[in-house]
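Input: a single structure, listed below in structure tokens.
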Amino acid sequence: MKNIDDSAITRDGKSLIVAHDHGLEHGPEDFEPNPESADPEHVFEVAQHEAVTALALQKGLAEHYREFGGDTPLLVKLNGNSNLWSPEDHMSYLNCSVKYAVEELNADAVGFTFYAGSDNEERMAQDFRRIQEEARKYDVSVVMWAYPRGHGIESSEKYEGDTDPEVIAYAARLGLEMGADMVKCKYPGLEGWKDVEEVTSRMKTVMSGGSKASDEKFLSDVAGMIEAGGNGLAVGRNVFQREDPESILDSLEKVIYEEKTVEESL
Amino acid sequence: MKNIDDSAITRDGKSLIVAHDHGLEHGPEDFEPNPESADPEHVFEVAQHEAVTALALQKGLAEHYREFGGDTPLLVKLNGNSNLWSPEDHMSYLNCSVKYAVEELNADAVGFTFYAGSDNEERMAQDFRRIQEEARKYDVSVVMWAYPRGHGIESSEKYEGDTDPEVIAYAARLGLEMGADMVKCKYPGLEGWKDVEEVTSRMKTVMSGGSKASDEKFLSDVAGMIEAGGNGLAVGRNVFQREDPESILDSLEKVIYEEKTVEESL
Amino acid sequence: MKNIDDSAITRDGKSLIVAHDHGLEHGPEDFEPNPESADPEHVFEVAQHEAVTALALQKGLAEHYREFGGDTPLLVKLNGNSNLWSPEDHMSYLNCSVKYAVEELNADAVGFTFYAGSDNEERMAQDFRRIQEEARKYDVSVVMWAYPRGHGIESSEKYEGDTDPEVIAYAARLGLEMGADMVKCKYPGLEGWKDVEEVTSRMKTVMSGGSKASDEKFLSDVAGMIEAGGNGLAVGRNVFQREDPESILDSLEKVIYEEKTVEESL
Amino acid sequence: MKNIDDSAITRDGKSLIVAHDHGLEHGPEDFEPNPESADPEHVFEVAQHEAVTALALQKGLAEHYREFGGDTPLLVKLNGNSNLWSPEDHMSYLNCSVKYAVEELNADAVGFTFYAGSDNEERMAQDFRRIQEEARKYDVSVVMWAYPRGHGIESSEKYEGDTDPEVIAYAARLGLEMGADMVKCKYPGLEGWKDVEEVTSRMKTVMSGGSKASDEKFLSDVAGMIEAGGNGLAVGRNVFQREDPESILDSLEKVIYEEKTVEESL
Amino acid sequence: MKNIDDSAITRDGKSLIVAHDHGLEHGPEDFEPNPESADPEHVFEVAQHEAVTALALQKGLAEHYREFGGDTPLLVKLNGNSNLWSPEDHMSYLNCSVKYAVEELNADAVGFTFYAGSDNEERMAQDFRRIQEEARKYDVSVVMWAYPRGHGIESSEKYEGDTDPEVIAYAARLGLEMGADMVKCKYPGLEGWKDVEEVTSRMKTVMSGGSKASDEKFLSDVAGMIEAGGNGLAVGRNVFQREDPESILDSLEKVIYEEKTVEESL
């Protein structure tokens, strides 16, 4: 098993993942703030920013547009679900095999959404088990979108919903126990992130989302997360819905890899 | 992976698909306007019109009547469902494997109905994933009947049913994200089609159906769709329920490939 | 793929199938009119009548008693269900694989019940898809018991139950579309049978059942069906529940193969 | 396919099977009348009685204690279910593969419970189909515990519960149709057993249970069954719950193989 | 099949298993009494105590931290479930294959939770059957967490819940019948343990949990269990939630292997 530190999707042990799966997950409405973002060529172009360690996207985009991707490592997302669908509880279904991602799409890593707490937790865990073991055969890293959600959490008296820091830390720990190389967690605030770090030991962690109040607040969250031991960021709409994605990527590069202050980075 | 532009089912990047799957989908009543259309020999004969880039049909017809097919490329439909059946929500089930379609039936392309939004979305997505990856092995194109439908859409406050242009565009985008080479969409009007084009980038798109008011209105829709960037048409009953299918195919040829006006084409 | 006209189960393009699956489908009560019929040796003996082109039966009988079968071709039925069972809707489950039927039981053809319209239509269609494709590998013919039935039909305002001739014709057409070589349909009367013929083109069709009023009426139905283009008969209890099965088989031979009148055949 | 008459589990066409699966099916309470019977070593010892043609038991006992088994042929039971479980309707689930039973456990035959009439009939039939065909590959006999039971029978107006002789005969016939070599049926009285014989032709039949009123009544049932054409007995608790199992086995030997009267056998 | 007495996870026929799966099963809250226990490096270090015959843990920990494990044999747990999940009834789902556990993680044994009595009993039994047979191929021991639980037990008038000693003994017996090499049972008191021993014959048994009242009471339970024929202990939180795990492991070593009295062991 290759250490993720030797993998293409990290740089000095850190990672800045540009994710473009909202076309599948949310549909055309997510392209509206910046219609250009509907075009995979644009997406591949943006992802060539030198700060980016991986472009995360679905099979179809990887397949038809990789020629526009330069050397950006690909993190092929293996499951997902449309927002047209309304399942009984949260479910992300497989739409690409590891074999296909690696052999045909040249993936450097694979991504998988795990909704712990959903009534479908078991089914996603079964998919995860298989893709995790197959990814090892191909020596590609496994990134878990560790998104606790659903009936088990809503109905529990113990937890305060899926933004409860303990729930987020638990879901991150599941990634470690189940064999992920990296987990992607919603940012639960600085204290919450410290809890995540405490239970994930040396596994890589990247935050997803973060404050949208302002660039300053956003970068400040990222800086705090890095300081608390986090390994980086996975960012999607916050980049693609801007007309000038390069500028925010420049700033993120400084905060994540150079550990500069927010002021220095803006 | 062969580019669909090099595939037998396109001509100058465009496509006119004659589809004859209503015997399975709707039953004998669809043959009533023109009883001759019940006979697969007639179907294969009609499809030999030089404008036709593919004849879409089910396994059984392809198997027993291909000798009548001349050189018309075959687009074998891999799933479907009878109208005698009344499932809880829309579902199109597999009735042919890719291997069989290609090795035994000489398919040039395979077709698959995906009812995004149905409670069965996941199950069709699982089938699609497998057939898409297997089709790549055989280097045949994959055409998705991108038909949003069912409970997820009906119950959503966000969408206005399955003819909502945003829903149609979303379903078309799913085809791109999931790895189709071409999507077949219900025609949502000219503005709606432009939305489809905007989110499907360079993937092939063909319209299905269109106005039945008159030939002039129908051809006018097709001409508009072509001008908006669409790649052609998949037509079934609108051809087979006529006594003179050749005449409308002549007109379509002019509109689609020669980009003539409706007046010149009639 | 071998043409069914070259198969052992037809003679001059026609077929007289003796079916003995009521031990599984209905149980011992069906043996009561003629207890001897419970004995598979008797069954195999009856089926040696020269008019018979195939003996249809389940795996166990084929396996343990084939030594009594002479040269009668075997049509091994691949699915079925007991009458002790009370599923939510009609379902015929697999109880023999194609491989076993051909390699171990020396089947010349395989039979499959498809209850189109049942809530289980999809599941039977999945089984049918697999057995149809595997049967091609072994070059044995596929006979579909095309029996529309169940919730989808009962709940439809369009159809008048499973004896509605349009429903029977639709189910027969499904056999053609899905790749059967022959369909076995309940006899819907002469006009109804003509509809069946119109939508099944060159596929083989055999009627099942028919009037039990008298031999004369029964043979008259068969004669009409043959004249309307049908290819023969599958008969079970109507033969085995008689003490003298040979006599009715003699008559059927004349009606089916020699196209004699009922009077000449009795 | 080896004839069951040539198999180790019959002697002169008859069989006395000692079954010890109550540890799984009923739990420790069944050992209470004779605690020694909890010990598999004791079980294997008892089964060495020369009248015994097979010891029926689950995988775990066969695996860990076979060294105590002498030459007694093993009939490995392939499915079962605990009494702690409370499924919606009767179900016996697989807990050993044929391959494992034969290759690792040296089974001479395999056993399978089929609850015809249960809502789970289909699922057990699917398991049976596979194990029956695999058993043929290994040339081991297949014994079906033909136990009609469940919702389909309870809800039927036609049958009077699962002890109705017609139901028992129907279930036995299913064994014949589905390819078993031997069925094990609850004893429905002498007349009922004759019905079983009538519909099972040359397939082997063994009774299970029988009267517990007294040894005399029990042996008298067995003698009647043998006279009616039955092939023997499968007995479990009625042997193991005794302190002196040898004595009853001696008597059974006389009744079954030597066709002695009950008086001569006691 | 290797005898478990020759396996790395026993010593003189006994076993002291340190189990660390609470990160998956219960989440971060279980680390709170001793935050250090969240760190797998600490876990591997503790497990190097010479009394320990196996460290039981999930795939992810085994994979990423084995370098800290010294020579401690690994017992890889193959199933589990998060506490965020709220299934209809108890279920432990697979998250590692036997092949992966052995070939990639160097497991000396595999562990499997079986909730007999749950509505999901059948599904876990299916998983167990497969992993048991595959474990034999690799010659690694199979340890069953024999935890009766769920609807079947709660709804039974016969049993008094999942702590009823008869229920615990029944579940232990299932391990024997189904082919486990060792069962891990909740301690039902000394009399209850004797019942467990009576029905498990020569299979290995280890107790889990036991009194938390005091070390003396805990060791006394262990001593009694050993005397009653038990083979050892599997202990998790009772070790890791202490700041000085070594001391209690020292005492356990004396009680289990040297059969010293509690007084001598403290």
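The values are calculated or read from the model by the stated rules, or taken from the named source; none is laboratory data. Quick caveat, the model's predicted, so the values are computed rather than measured. Counting neighbours? That spans all protein chains shown, and the Cβs are built from the backbone with ideal geometry, glycine included. Side chains are part of the model used for accessible areas, which takes the heavy atoms of the whole protein and leaves out ligands, DNA and RNA. Shrake-Rupley method; radii C 1.70, N 1.55, O 1.52, S 1.80 Å.
Close amide-amide hydrogen proximity is noted between B:VAL235 and B:ILE17, B:VAL18, B:ALA19, each under 5 Å apart and 5 or more residues distant or on a separate chain (H modeled in the peptide plane; Pro and chain starts excluded). Pairs with C-alpha atoms separated by more than 27 Å, drawn from the list B:LYS99/C:LYS186; C:LYS204/C:LYS254; B:LYS59/C:LYS77, are B:LYS99/C:LYS186. Charging the Cβ of each Asp and Glu at -1 and of each Lys and Arg at +1, and nothing else, the dipole of chain D about its Cα centre rounds to 780 debye.
Placing a label point 7 Å from Cα along the Cα-to-Cβ direction at E:GLN126 gives distances to the equivalent points in the other copies of 0.7, 0.7, 1.1, 1.1 nm, listed shortest first. The dipole here belongs to the protein assembly as shown: it is taken about the Cα centre, uses +1 on the Cβ of Lys and Arg and -1 on the Cβ of Asp and Glu, and is about 1720 debye.
A cut-off of 5 Å between modelled amide H atoms, ignoring neighbours fewer than 5 places along the same chain, links A:GLY179 with E:GLY60.
Averaged over peptide D:100-110, the number of partner chain Cβ atoms lying within 10 Å of each residue's Cβ comes to 1.
Residues of the stretch D:191-211 with the amide nitrogen closer than 13 Å to a label point 7 Å from the Cα of D:GLU227, along Cα-to-Cβ, please. From the stretch D:191-211, the list is D:191, D:194. Using the Cβ-Cβ distance between E:GLU41 and E:LEU190 with R0 set to 30 Å, the FRET efficiency works out to roughly 0.20. Contact order for the stretch A:1-139, expressed relative to its length and based on alpha carbon pairs under 8 Å spaced 6+ residues apart, stands at 22 percent.
Couplings 3J(HN,Hα) of the stretch B:235-241, computed from phi: 10, x, 4, 5, 9, 6, 8 Hz, in residue order, whole Hz [Karplus 6.51 cos²θ - 1.76 cosθ + 1.60, θ = phi - 60°; x for Gly and Pro]. Surface burial for E against D, with a 1.4 Å probe and both sides summed, reaches about 3100 Å² of accessible area. Of the GluC sites (Glu not before Pro) found in the stretch E:129-215, the ones in coil according to DSSP and having at most 14 other Cβ atoms within 10 Å of their Cβ are E:GLU157, E:GLU160. Restricted to Cα atoms, the stretch B:6-265 shows a radius of gyration and a Dmax of 17.1, 51 angstrom.
Extending 7 Å from the Cα toward the beta-carbon at both C:ARG202 and D:GLU29 defines two label points whose distance is 6.8 nm. Placing a label point 7 Å from the Cα of C:LYS137 along the Cα-to-Cβ direction, the distances to the matching points in the other copies come to 1.3, 1.3, 2.0, 2.1 nm, shortest first. Legend: residues in the stretch A:3-36 shielded by at least 50 square angstrom of accessible surface upon adding the remaining protein chains to the isolated chain (1.4 Å probe, heavy atoms) are A:LEU24, A:PRO28, A:GLU29. Using C-alpha pairs below 8 Å separated by at least 6 residues, the relative contact order for the stretch E:113-266 is 16 percent. State the antiparallel share, in %, of DSSP beta bridges confined to chain E, rounding to the nearest 5. Within chain E, antiparallel bridges account for around 10 percent of the total. Tell me which chymotrypsin sites (Phe, Trp or Tyr not before Pro) from the stretch D:103-169 have a DSSP coil assignment and no more than 13 other beta carbons within 10 Å of their own. Filter output for the stretch D:103-169: empty list.
Only protein chains counted, 1.4 angstrom probe. Which residues of the stretch E:66-86 are at least 40 Å² less accessible in the assembly than when their chain is isolated? Buried on complex formation: E:LEU84, E:TRP85, E:SER86.
Please work out the Cα center distance from the stretch E:98-124 to the stretch E:1-65, rounded to the nearest Å. Spelled out, the Cα-based centre of one part sits 16 Å from the other.
I'd like to check one number: the per residue accessible area of the stretch D:6-265, probe 1.4 Å, reported in Å² as a whole number.
Ligands and nucleic acids excluded, the figure is 34 Å² per residue.
Would you work out if the stretch D:76-230 is rounded, prolate or oblate? Take a ≥ b ≥ c from the square roots of the eigenvalues of the alpha-carbon gyration tensor; rounded if a/c is under 1.5, else prolate when a/b is larger than b/c, oblate otherwise. Cα axes put the stretch D:76-230 in the oblate bin.
Relative to the other identical copies, B:GLU29 shows label-point distances of 3.6, 3.6, 5.8, 5.8 nm, where the label point lies 7 Å from Cα along the Cβ direction and values run shortest first. Of the solvent-accessible surface of chain B, computed with a 1.4 Å probe and all protein chains present, 39% belongs to carbon and sulfur.
The stretch D:226-249 and the stretch B:152-171 have Cα centres lying 69 Å from one another.
Just for the protein assembly as shown, what percent of DSSP beta bridges are antiparallel, to the closest 5? The antiparallel proportion sits near 10 percent.
Burial of accessible area (probe 1.4 Å, heavy atoms of protein chains only) in the stretch E:120-144, relative to its chain alone, reaches at least 10 Å² for E:GLU121, E:GLU122, E:ARG123, E:ALA125, E:GLN126, E:ARG129, E:GLN132, E:GLU133, E:ARG136.
Once the Cβ-Cβ distance of E:SER155 and A:GLU103 is raised to the sixth power relative to R0 = 51 Å, the FRET efficiency obtained is 0.50.
Give me the Å³ per residue figure for the convex hull around the C-alpha atoms of the protein assembly as shown. Display every interim value, and only then the final one.
Details: hull volume 220.9 nm³, N = 1330.
Hull volume normalised by residue count: 166 Å³.
Across chain B, the relative contact order, built from alpha-carbon pairs under 8 Å that are at least six residues apart, equals 18 percent. Rounded to the nearest 20 debye, the dipole size of the stretch A:195-244 about its Cα centre is 220 debye, using +1 on the Cβ of Lys and Arg and -1 on the Cβ of Asp and Glu.
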